[in-house]
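The values are calculated or read from the model by the stated rules, or taken from the named source; none is laboratory data. Since this is a predicted model, take the numbers as computed values, not measurements. Virtual Cβ from ideal backbone geometry, glycine too; neighbours counted across all protein chains shown. The area values use the complete protein model at the heavy-atom level, side chains included, leaving out ligands, DNA and RNA. Shrake-Rupley method; radii C 1.70, N 1.55, O 1.52, S 1.80 Å.
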Amino acid sequence: DAGITQSPRHKVTETGTPVTLRCHQTENHRYMYWYRQDPGHGLRLIHYSYGVKDTDKGEVSDGYSVSRSKTEDFLLTLESATSSQTSVYFCAIKTEYNEQFFGPGTRLTVL
Amino acid sequence: RKEVEQDPGPFNVPEGATVAFNCTYSNSASQSFFWYRQDCRKEPKLLMSVYSSGNEDGRFTAQLNRASQYISLLIRDSKLSDSATYLCVVNDRGYKYIFGTGTRLKVLA
């Protein structure tokens with residue numbers, strides 16, 4: 001157990017509304033990640049962070065923003081949710097051995 | 001060509017069987033390799049890292065072939081509880097991870 005939690009675990013929202021997902025870790029890892037997982041695709045990187053206030057884009061970052069004001073928290077925001085953002089979102093950390101550990105995921109449905 | 005490719009399966013095997021999965025990767029400069037297990041509607045969980053010399057953990061054996069750019073996972077004496085999707089993951093450039101789409105395994109009683 002890498003001490004990673006995500007909230008909310010499930011969310012249903014309407015197109016055009018803002019949504020923020022939270023990832024919290026308890027073990028002070030420097031790197032944190034947000035992925036989305038959709039049928040037929042591997043996990044795809046949205047954004048990642050390599051330290052407080054240090055973030056960068058992944059391969060599917062359009063429509064998403066992130067913030068990391070504390071080591072333990074990494075927030076993912078959908079400024080104006082669209083139906084194409086219906087997905088399962090996983091947060092992850094990277095250890096010093098390059099291993100990744102994942103949070104339990106958030107199931108987001110955009111109607 | 002996809003960066004990481006896996007046979008999606010499903011592989012249906014009887015209990016006690018030995019089953020092997022392969023995964024190919026395109027970037028010869030890839031640094032680290034992993035197998036993850038993912039149960040339905042759950043997060044991926046690290047099964048094992050894959051080392052150049054190969055490594056074994058109980059009934060699971062992982063191998064890396066850098067020359068042919070593939071990694072493999074062998075499961076011996078399959079259990080019903082091994083039924084899951086197995087994800088191949090390749091680490092490039094330190095921060096970047098490329099995920100295969102997974103191979104589904106179903107172990108039958």
Quiz item: Before we move on, is residue A:97 of a type in the set (Phe, Trp, Tyr) and modelled with pLDDT under 95?
Solution: yes
Quiz item: For the range A:20-44, which residues satisfy the criterion of being buried (at least 19 other Cβ atoms within 10 Å of the Cβ) and within 21 Å of residue A:83 (Cβ to Cβ)?
Solution: A:21, A:34, A:35, A:36, A:37, A:43
Practice problem: Considering only the range B:43-78, state which residues are under 23 Å from residue A:93 (Cβ atoms) and of a type outside the set (S, T, N, Q). | Solution: B:43, B:44, B:45, B:46, B:47, B:48, B:50, B:51, B:57, B:62, B:71
Self-check item: Residue list for the range A:78-97, restricted to those being of a type outside the set (D, E, K, R) and open to solvent by 30 Å² or more (accessible area, probe 1.4 Å)
Solution: A:80, A:82, A:83, A:84, A:86, A:97
Quiz item: From the set of residues in the range B:6-34 that are closer than 19 Å to residue B:80 by Cα and hydrophobic (A, V, I, L, M, F, W, C), which is farthest from the other protein chains (Cβ to nearest Cβ)?
Solution: B:17
Quiz item: For the range A:45-71, what are the residues that are touching a Gly at 6+ places or on another chain (Cβ under 6 Å) and either among the β-branched types (Val, Ile, Thr) or surrounded by fewer than 20 Cβ atoms within 10 Å (Cβ to Cβ) (or both)?
Solution: A:46
Practice problem: Would you point out the residue of the range B:61-79, among those that are in contact with a Lys or Arg (Cβ under 9 Å, 6 or more places away or on another chain) and part of a strand (DSSP E or B), that is surrounded by the fewest Cβ atoms within 10 Å (Cβ to Cβ)? | Solution: B:74
Quiz item: Which residues, taken from the range B:35-60, are assigned to a strand (DSSP E or B), open to solvent by less than 40 Å² (accessible area, probe 1.4 Å) and away from chain A (no Cβ under 11 Å)?
Solution: B:35, B:50, B:55, B:60
Quiz prompt | One residue from B:66, B:76 being modelled with pLDDT under 95, out of contact with any helix residue (DSSP H, G or I) (no Cβ under 9 Å at 6 or more places or on another chain) and more than 13 Å from chain A (Cβ to nearest Cβ) | solution = B:66
Self-check item: Tally, over the range B:80-93, of residues that are open to solvent by 20 Å² or more (accessible area, probe 1.4 Å) and either free of Cβ contacts under 8 Å to residues at least 60 places away in the same chain or closer than 23 Å to residue A:102 by Cβ (or both)
Solution: 4
